[in-house]
Amino acid sequence: PEDTVTSSFASFIHAAGPQLLSQTVRQRSKRMILDSIGVGLVGSTTRVFDIALRYCRLYSSVAVSSVYGKPGVKLSPTLAAFTNGVATHSMDFDDTWHPATHPSGAVLPALLAASQMLPPNTKPTGLDFLLAFNVGLEVQGRLMHFSTEAHDIPKRFHPPSVVGTLGSAAATAKLLSLSSAQCCHALGIAASLAGAPMANAATQAKPLHVGNATRLGLEAALLAARGMEANPLILDDIPGCSGFGAFYSVYQPKALSAPGQRHEFLLEKQDIAFKRFPAHLGMHWVVDAALSVRNLFVNYAGSFRPSLIRTIVLRIPVSKYINRPFPSSEHQARHSFQFNACAALLDGEVGLGSFSEGSIQRPELRELLDKVVVEHPEDNVANFDKMYGEVALLLHSGDALTGKCDTFYGHWRKPLSKESLLKKFRSNASHVLPEEKVEAIIALVDNLESLSDSSQL
């Protein structure tokens, strides 16, 4: 049907051209691509990635698509997308948008795999790749804006497993030059493949959410390309018959305008948060607050002396799955306000090594965790655009010291500098690649528009 929400999205995916990509959108999305590759590369060193890769290698298929951090290893396009998606989210180190989702990890691995899948004479250019990536971002962002519920820290399902799956389908459909009707069906198929419960946060299963999103979106586009059909009203609000609105209690979809010369991508107005350390985004507020109060404490006492601390008060928003008083695994620690605040207080930093078993089980860290009390001020809402983190040290002397963070460095309101982003990428990528290859990736992404064959990535 014409003039529906779903048809407007399909038309946009099919007809959007590179002239719509402003310089701001190009630069921001290239930063996302570079960061996501780096995060995927360091993620290829994790146990959960190794499990996923060993699973995928059980299958014999046309192995044409590369795997992060594993030179010479190739898988089928869908399994490579899955494995690389798992790598990207294996440490919870990947980018975050508002409303809350992890946009790059759900799209980039599918595009990388599809680029290698296509025959030599039909390889997409770097500009084609950049446009498809942004189409995938745009679909995710627009879908999240259809519900006020999506603006808050999620409670029921993990957003990239839902909007990311449709974003991957849209991006891949664009890269494969599907017709408007096929794009419509790709979205419908993807909706039937979407969803993962929040109960699996802080477990090894959580990275599967991003791996599945990018793989299943790619599969949806490939199925649509081969003639599979789905409900052409999947994004519309049809009374008595839930489509995409089944994921939200409040769902008010709006049609996209035709992709004319003046279309403005959401990325133009809403930048991305890049994480400085591998943990849930909410942790970045409490870590910066903890580092702030730690500096005050060192000035007060001459050094960091835990014995002087009676109580550590965390003032944080209500969010059950990241309120974990005594985490016992790396994945629980990455989702624990208490752990991240105490690690920052004890070490003066939080990094890759903070989430090792040895670091988590340190007696001195457990002693600090025993002192933590959590408060939920009414004005501290569970929303990544409005929340804050506050850490107060109540001392045995009766004195109190407080650190507060409203916007951490790396948030979309306070973006990482080019230097900081490159430093993060080099640090992550160097875990598995030699320096010359690390620098080659930086150069490729920086000049993505001029690539004649995007599969070089």
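The values are calculated or read from the model by the stated rules, or taken from the named source; none is laboratory data. All figures in this text were calculated on a predicted structure; none of them were measured in a lab. Note: ideal-geometry Cβ built from the backbone for every residue, glycine included; neighbour counts use all protein chains shown. To get the accessible areas, we keep the full protein, side chains included, count just its heavy atoms, and leave off ligands, DNA and RNA. Shrake-Rupley method; radii C 1.70, N 1.55, O 1.52, S 1.80 Å.
Structure values in brief
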item: Shape box of the chain [Cα atoms, principal axes, largest first, Å]; result: 72, 52, 41
item: Loop-located chymotrypsin sites (Phe, Trp or Tyr not before Pro) in the stretch 15-108 whose Cβ has at most 11 other Cβ within 10 Å (DSSP); result: TYR59
item: C-alpha long axis of helix 180-191 to longest principal axis of the chain, angle in °; result: 40 degrees
item: Positive-end residue of GLY136, PHE408, PHE355, charge dipole of the chain with Cβ unit charges; result: PHE355
item: Net charge dipole size for the chain [Lys, Arg +1 and Asp, Glu -1 on Cβ; Debye, nearest 20]; result: 660 debye
item: The stretch 370-445 and the stretch 115-137: distance between their alpha carbon centers, rounded to Å; result: 32 Å
item: With Cα atoms, 0 to 90° folded angle of helix 126-144 axis to the chain main axis; result: 70 degrees
item: Estimated FRET transfer efficiency (LYS404, LYS320; beta-carbon r; R0 22 Å; 0.05); result: 0.45
item: Contour minus Cα-Cα distance for ALA205 and SER420 (0.36 nm per residue); result: 74.4 nm
item: From phi via Karplus (6.51, -1.76, 1.60), per-residue ³J(HN,Hα) for the stretch 434-446 in Hz, x at Gly/Pro; result: x, 4, 5, 6, 4, 5, 5, 5, 4, 5, 4, 5, 5
item: Over 18 Å [Cα-Cα, the stretch 104-209], rounded percent; result: 51 percent
item: Within the accessible area of the chain (1.4 Å probe), percent carbon and sulfur; result: 51 percent
item: Contour minus Cα-Cα distance for SER257 and SER180 (0.36 nm per residue); result: 26.3 nm
item: Bins of 10 Å, starting at 0 and running to the largest distance - Cα pair percent for the stretch 281-405; result: 14, 50, 32, 5
item: Per residue solvent-accessible surface (Å²) - the stretch 182-242, probe of 1.4 Å; result: 40 Å²
item: Cβ-Cβ FRET estimate between GLN270 and SER397, R0 fixed at 51 Å, reported to 0.05; result: 0.65
item: Out-of-range pairs (alpha-carbon distance over 28 Å; input LYS174/LYS320; LYS269/LYS386; LYS74/LYS424; LYS155/LYS269); result: LYS174/LYS320
item: The stretch 142-172-the stretch 10-66 distance, computed between alpha-carbon centres (Å); result: 17 Å
item: Computed P(r) (all Cα pairs; the stretch 1-53; 10 Å bins; percent); result: 20, 24, 25, 25, 6
item: Helix 47-56 axis, angle to the chain major axis (alpha carbon atoms, nearest 10°); result: 20 degrees
